[in-house]
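The values are calculated or read from the model by the stated rules, or taken from the named source; none is laboratory data. Because the structure is predicted, anything quoted here is derived from the model rather than measured. Here Cβ is always computed from backbone atoms with ideal geometry, including for glycine, and neighbour counts include all displayed protein chains.
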């Protein structure tokens with residue numbers, strides 16, 4: 001196993017070296033393109049790039065053919081394994097039937113010995129003849145039993161041999177599947193580089209060289225349609241890029257603009273490639289650690305495991321335990337049903353707003369857009385129950401997405417309801433979802449201070465272009481990244497968030513900016529920065545790298561510092577709000593003392609009504 005992991009790591013290093021060489025070649029090509037003095041030279045460079053792209057296309061086709069061959073081989077091996085399994089099952093059934101016959105015969109012989117049949121009185125030699133007949137039958141039965149025992153030993157030996165063959169075939173099949181996975185990951189990387197190269201050429205050409213631009217558009221359209229063509233051509237696929245992920249979210253966002261479509265396809269390929277490469281190296285050992293954990297209890301080991309992420313098969317159980325830790329002092333049997341019954345007696349004032357927000361909840365998730373899905377009705381009941389549970393808040397926009405994430409993972413209404421209660425009433429600070437959103441505003445100011453401390457170069461760049469990050473980050477904190485990160489990374493954030501609290505949200509917010517810092521620093525226009533910040537969180541595909549930044553690179557990150565910053569900013573914000581209230585009161589007092597001002601020659605509405 002270690003040898004295989006070492007080989008895979010070497011293969012990954014080799015692929016990364018090739019990617020680095022390709023990036024350096026692209027840089028040299030771009031420099032040559034910019035250094036070209038005449039359009040003719042630039043056109044020649046573009047033609048050279050197109051030829052290179054064609055060569056890459058041929059390499060992709062060769063890899064596809066190799067992958068198809070491996071998949072066919074794997075399919076044949078699978079058929080052989082199935083046949084062996086059927087043969088083993090047949091032999092086992094046959095053996096079991098014979099064992100049953102042997103047991104019945106043994107019971108009959110034992111019964112005959114212990115309870116010999118009572119013979120009726122007959123002629124003097126009849127008893128002797130019956131005894132000899134019974135003895136002869138017993139001899140025959142003993143011979144049959146010995147024959148069955150011999151046959152049973154033979155069948156057991158044959159089953160043992162077939163089992164060994166099956167194990168060898170299974171190991172060979174697993175090795176082939178691993179090879180297919182690495183080839184598919186490599187293919188995804190080649191496709192991603194191919195699409196990125198097409199995009200760079202498209203940006204470099206701009207409006208020049210109409211013939212080349214048309215050729216590039218044609219190549220891009222063909223590249224975007226690759227996946228559909230592959231799906232119809234391949235008889236067997238190992239792990240294709242499906243339309244939806246395991247929680248129902250679209251894997252390739254549905255953008256209208258061509259450039260964003262290309263970016264979405266590149267991102268989907270990178271995510272798929274990263275998932276394939278990380279499965280054996282990271283996810284499988286993590287699954288084994290979770291399987292061996294046993295009963296859950298607060299500990300440093302559990303904290304580290306939650307930060308690394310909970311496998312999907314363990315996540316519902318782990319979340320229910322985390323929620324129970326948070327709300328065990330609030331929870332009572334029948335409470336959820338009691339709140340639902342209260343909603344049936346009379347309508348809550350927030351009902352209309354909840355109905356409006358149901359249709360806006362995760363439009364990119366099939367569970368909330370399918371007309372026959374039960375999730376919207378479950379979400380409605382959870383939100384109405386919470387509005388009765390916490391009348392101070394009632395309902396606030398954003399709670400629908402928190403409850404929706406809980407429903408997707410836990411599936412049970414009541415568990416999702418208590419998850420929402422745990423987040424709003426025990427994890428988030430007070431007034432986070434109130435009408436003033438006081439604590440939410442405080443956290444935005446705290447985040448600005450932490451960004452200045454941890455990422456001063458980035459903040460100086462954003463300040464130079466007058467970019468206000470709160471327009472982007474306010475929603476991150478309100479819904480805990482529910483609209484921002486891809487589901488694979490989002491749920492890992494929630495795994496740690498439900499255990500450690502809001503400190504995790506700050507860590508990941510800082511890590512997201514650190515992850516994309518260089519890309520933001522390259523942008524030199526405020527509008528471009530805002531456009532990039534709208535979707536840049538969706539380009540993050542390496543969950544391991546983001547986690548390392550959040551929990552290692554952002555250290556030290558003491559909770560005491562966070563509490564002090566919150567306290568200081570809350571006092572300042574309260575003073576500002578108090579000052580605004582005073583100004584408002586003074587304005588209203590002045591306006592009331594002056595009375596309504598009516599221009600000369602005009603009448604007020606009251607006077608007009610009185611005259612009528």
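Before we move on, is residue 81 over 36 Å from the mean Cα position of the chain (by Cα), modelled with pLDDT of 80 or more and part of a helix (DSSP H, G or I)?
Values: over 36 Å from the mean Cα position of the chain (by Cα): no; modelled with pLDDT of 80 or more: yes; part of a helix (DSSP H, G or I): yes.
Answer is no for this residue.
Return the pairs, sorted by first residue and then second, in which the second residue is at pLDDT below 95 and assigned to a helix (DSSP H, G or I), the first residue lies in region 353-365 and is in the same structural domain as residue 408 (by TED's automatic domain parsing) and at positive phi, the beta carbons are less than 6 Å apart, and the residues are 6+ apart or on different chains.
362/368
Here is a list: 71, 90, 63, 76. Which entry is touching a helix residue (DSSP H, G or I) at 6+ places or on another chain (Cβ under 6 Å) and either surrounded by 13 or more Cβ atoms within 10 Å (Cβ to Cβ) or assigned to a helix (DSSP H, G or I) (or both)? Outline the logic, then answer.
Working: 71 fails: touching a helix residue (DSSP H, G or I) at 6+ places or on another chain (Cβ under 6 Å); 90 fails: touching a helix residue (DSSP H, G or I) at 6+ places or on another chain (Cβ under 6 Å); 76 fails: touching a helix residue (DSSP H, G or I) at 6+ places or on another chain (Cβ under 6 Å).
Being touching a helix residue (DSSP H, G or I) at 6+ places or on another chain (Cβ under 6 Å) and either surrounded by 13 or more Cβ atoms within 10 Å (Cβ to Cβ) or assigned to a helix (DSSP H, G or I) (or both) holds for just one of 71, 90, 63, 76, which is 63.
Quick one: which of 429, 456 is surrounded by fewer than 21 Cβ atoms within 10 Å (Cβ to Cβ) and in contact (Cβ under 8 Å) with a residue 24 or more places away in the chain? Write out each step before concluding.
Values: 456 fails: in contact (Cβ under 8 Å) with a residue 24 or more places away in the chain.
Being surrounded by fewer than 21 Cβ atoms within 10 Å (Cβ to Cβ) and in contact (Cβ under 8 Å) with a residue 24 or more places away in the chain holds for just one of 429, 456, which is 429.
If you scan region 333-360, which residues turn out to be part of a loop (DSSP other than H, G, I, E, B) and within 20 Å of residue 399 (Cα to Cα)? Show your work before the answer.
Step one: filter region 333-360 for residues part of a loop (DSSP other than H, G, I, E, B), giving 333-334, 346-350, 359-360.
Correct list: 347, 348, 349, 350, 359, 360.
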